[in-house]
Structure formats: C-alpha cells, structure tokens
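Written below as structure tokens is the structure these notes are about.
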Amino acid sequence: MSKHPANVFVNVPFDDAYAGLFEALVFTITACGYRVRCALEENDAGDIRMDKLVRLIAESPRSIHDLSRTQIGNGGLPRFNMPFELGMAMGAKRFNRRKFGAHGLSIMVAEPFKLPAYLSDLGGNDPAAHHNEPSKLIEIVRDFLHSAPDGRLLEGPRRFVEAYGHFRSKLPEIAEGVGFTADEVGGFQRYRVFLWCVSEFLKGADE
C-alpha cells in the first residue's frame, strides 16, 4: 500500500442529512489541492469494507473525522462507525508509527464541549465544531490543511466559501454537460460524478 502526500481520508456519516456538509467537505479538500479518499470512491461488492478502510487509512497521511452523528438514531441505537474508524486511524498512528508514518488528524463535531460525554478517552482533544453549517466546515478543513501539497500557503477561508457558492451555482450547467441534471449528481448520489464536476469547475477557475 503506497501513501500519497495529497491523500486525505474522510470518515463521515453517509446519510441524507449530512449530504450538504459532505459536498462542502469534498469541494474544500479538492480546492486545497488534495485528494479525497473515502469508501464511496469504489463500487466493488467484492471489496470487504474493513479491508477497504484499512487500505484507505494506510494510503493517507491525513484524515478528517466527523463525529457529529453519534446521537441515538431512528432505531434507538447510536452510530458507532465514525468513532470506530477514528480509532483505527489513531491506533495505526500510535502503535505502528514506523510503518504507518506521520498522520495528521482533524476531529469535527456539530456542537462544542459534548465529545467528553460519549468519548471520554479523547479528553484533552479539542474537536472543531461546525454547527452543521457548510461555511464553518469549509473554514475548519482549510485551517486543518493550512497549505497545499506543494507547501504553498492556502488562501483564507472566505475565498473557499465564495468559491463553493460559485460552484453550487455552476453545478447544473457542469452536470448537464455530461448528461446529468443537478438532482442526479450529489456527494452521496453518484459521488464519482460529483467529484468530476468539482474538478471540472476548479480546472475552469484556474484557466
């Protein structure tokens, strides 16, 4: 498994309520010059999910973990996937440092000061709160990455928030250019097409 310096592993809830935040997250990571790595990038029923997660984490020198969906769900049970994947990344960082190498972690939550109530072992860690607002999430991600893979200092958060708003307005046109409507392209719905649209927008912005 080869680690690429631009890879960023993303560990977030894949539910409809999170879709807007996920799309802002994917846009920001890509706009900062990095490559999003997440379980949605491959649609291979033969790829065991645990093996996929191990591979993605091992290939990524950075990861972003959103623990904002650990509350009790409709089935009366909390969501453990996100804390579990965070634990995998922290375990690799702590116990296999020689092979795994340096690994930067960003932990996000919806509201501040609630993490110790359900994950007390992370006491002393100060996760960033996005308050379920895409603009705040964009700021958190930009500040975590700080510089582009080539070492160039990234522009301020406001520039990325403005660029994301422009992308949202252009998405129907970009999607239509490849035979989709905007409603057919989303972070969770046809993720790879959505990522292609992000790349096309950014390519046009650079020209």
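If a residue must be open to solvent by 20 Å² or more (accessible area, probe 1.4 Å) and touching a residue at least 60 places away in the same chain (Cβ under 8 Å), how many such residues does region 1-14 contain?
Qualifying residue count for the region: 3.
Of a type in the set (A, V, I, L, M, F, W, C), open to solvent by less than 70 Å² (accessible area, probe 1.4 Å), outside any helix (DSSP H, G or I) and modelled with pLDDT of 95 or more: does that describe Phe180?
So Phe180 passes the test.
I'd like to verify a number: residues in region 136-150 that are in contact (Cβ under 8 Å) with a residue 60 or more places away in the chain and either open to solvent by 20 Å² or more (accessible area, probe 1.4 Å) or out of contact with any helix residue (DSSP H, G or I) (no Cβ under 9 Å at 6 or more places or on another chain) (or both), how many?
5
Which residue pairs have Cβ atoms closer than 7 Å, lie 6 or more positions apart in sequence or on different chains, and pair a first residue in region 176-205 that is within 18 Å of Gly33 (Cβ to Cβ) with a second residue that is open to solvent by 40 Å² or more (accessible area, probe 1.4 Å) and modelled with pLDDT of 95 or more?
From residues that are within 18 Å of Gly33 (Cβ to Cβ), the pairs are Phe201/Lys170.
For region 1-37, which residues satisfy the criterion of being small (Gly, Ala, Ser) and assigned to a loop (DSSP other than H, G, I, E, B)?
Within region 1-37, Ser2, Ala6, Gly33 meet the criteria.
The values are calculated or read from the model by the stated rules, or taken from the named source; none is laboratory data. Just so it is clear, the model here is predicted, and its values are computed rather than measured. Every residue, glycine among them, receives a Cβ derived from its backbone with ideal geometry; neighbour counts consider all protein chains shown. The area values use the complete protein model at the heavy-atom level, side chains included, leaving out ligands, DNA and RNA. Shrake-Rupley method; radii C 1.70, N 1.55, O 1.52, S 1.80 Å.
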